[in-house]
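Here's the structure, in structure tokens; my notes come after.
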Amino acid sequence: MPVNSTKTLRWKEDIRKSVDMYNDWFLRFAPKAYRDTRARTTETVKKAMATTHNLRDLGADTLRTHPEVLSVLRMATCPPLAVDRLIGLAGVPGALVKTMEKSGRLPPKLPADRVTTELKRIGEVIQKLVDRDILVWLDRKDEPSEEEVHRASTVVADRLCGAQANPIIRNAQEQRQLDRMNEWLSARGYKKVKPSEVIDLRRMLPGTFCFRLNVSVRQERRHLNVPVDAVIMPKVPGGHGLPLFVEAKSAGDYANVNKRRKEEATKLSQLRKTHGRRIRYVLFLGGYFDSGYLGYEASEGMDWVWEHRIDDFARMGL
């Protein structure tokens, strides 16, 4: 029996309460999440400064040895460079820059001599555009003071965090939701287990739960893993023997969730094809989710629990 998906008369009030809850959290905790990330990022920038001799050494050898510094270098220019802008200005393969950005390494299939040429071009662009208003020592021959390096690192860290503000907030949102589930389940005697302890979904011990589990599904003739935020085996398992699958969703605006609303439906379809139609897959919602989003997910056979009414998990059999 659906808990919330069929209660359309309650949707409007739940949406209002969910938005109010999210806005209250954002005003109280988002600044701290941003500041904490900025402090960690400042240390990362300082390491990149040391690696590049305070941006005086941007040669191919340095970038080959430390490809992970590229994101810092992009934010040390005037104006700061987006990934695609750097690719265009340097005339280098997109795969090179994107691999350096994403994984902090060089593409393994790119020939060594070409790597040298392309890295040299990247270094030349960064050197030409480096922001000398914050890297004030570049016009001098002496070494910068510790205070100058710290000040410049803070500015670059701010730029990095500004470019990554949404992911920073999303990570904080996700952790908040998992913490709330952990607290709710633990208070009711459930025990948290590690993903490595879940060998067979149907053999999970009653009263246990796991976060961030990769669940194997079949797609055509191959198997792949799909991540599930929470997998919970009720104390009294249902006849199908499967746990409850929960996807934590938190959003700070309506537009983004409606752009991505098909993701949950796709995951549910994959899980059903592999583990049967009786699988229970619900959403844990906090923030901006309008009636358009709710209607779409309900039409795909999904139910949900609102973060502001977390006790509805009990009505899900927990």
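Counting only DSSP beta bridges with both residues in the chain, the antiparallel share comes to about 50 percent.
Cα gyration tensor of region 101-142, axes a ≥ b ≥ c as square roots of the eigenvalues: rounded (a/c below 1.5), prolate (a/b > b/c) or oblate? Prolate shape, in that a/c is at least 1.5 and a/b is the bigger ratio. When the Cα positions of Ala265, Leu242, Val130 are compared along the charge dipole of the chain, Leu242 comes out farthest toward the positive end, with charges on each C-beta of Lys, Arg, Asp and Glu.
Only lysine pairs 8 or more places apart or on separate chains count here, and in region 34-164 those with Cα atoms under 26 Å apart total 19.
Toward the positive end of the charge dipole of region 34-164, with +1 on the Cβ of Lys and Arg and -1 on the Cβ of Asp and Glu, the farthest Cα among Val149, Leu73, Thr42 is that of Leu73. Taken over the C-alpha atoms, region 34-164 has Rg and Dmax values of 14.1, 42 angstrom. The alpha carbons of the chain occupy a box of 74, 47, 35 Å along the principal axes, longest dimension given first.
Over region 41-88, the reciprocal of the mean inverse Cα-Cα separation, the Kirkwood hydrodynamic radius, stands at 11.0 Å.
Quick check on region 67-125: take the gyration tensor over C-alpha atoms, sort the square-rooted eigenvalues as a ≥ b ≥ c, and tell me if it's rounded (a/c under 1.5), prolate or oblate. Taking the square roots of the gyration eigenvalues as a ≥ b ≥ c, region 67-125 is prolate. Between region 8-63 and region 171-201, the C-alpha centres lie 24 angstrom from each other. Here the Kirkwood formula, the inverse mean of 1/r across different C-alpha pairs, assigns region 219-276 a hydrodynamic radius of 13.5 Å. From helices alone, the chain scores -16500 deg cm²/dmol at 222 nm; the rule is -39500 (n - 2.57) for each run of n ≥ 4 DSSP H residues, then divide by the residue total. Put a plus charge on the Cβ of each Lys and Arg, a minus charge on the Cβ of each Asp and Glu, and nothing anywhere else: the dipole of the chain about its Cα centre is then about 1300 debye. Counted by neighbouring Cβ atoms within 10 Å, the residues Tyr254, Tyr288, Tyr22 run from fewest to most as Tyr254, Tyr288, Tyr22.
The dipole here belongs to region 1-115: it is taken about the Cα centre, uses +1 on the Cβ of Lys and Arg and -1 on the Cβ of Asp and Glu, and is about 260 debye. If you run the Gaussian network model on the chain, springs between alpha carbon atoms under 10 Å, then out of Glu143, Glu174, Glu300 the most flexible one is Glu143. Of the trypsin sites (Lys or Arg not before Pro) found in region 277-318, those that fall in a DSSP loop while having at most 10 other beta-carbon atoms within 10 Å are Arg277.
No lab work stands behind these numbers, since they all come straight from the coordinates. Just so it is clear, the model here is predicted, and its values are computed rather than measured. Glycine gets a Cβ as well: all are built from the backbone with ideal geometry, and neighbour counts include every protein chain shown.
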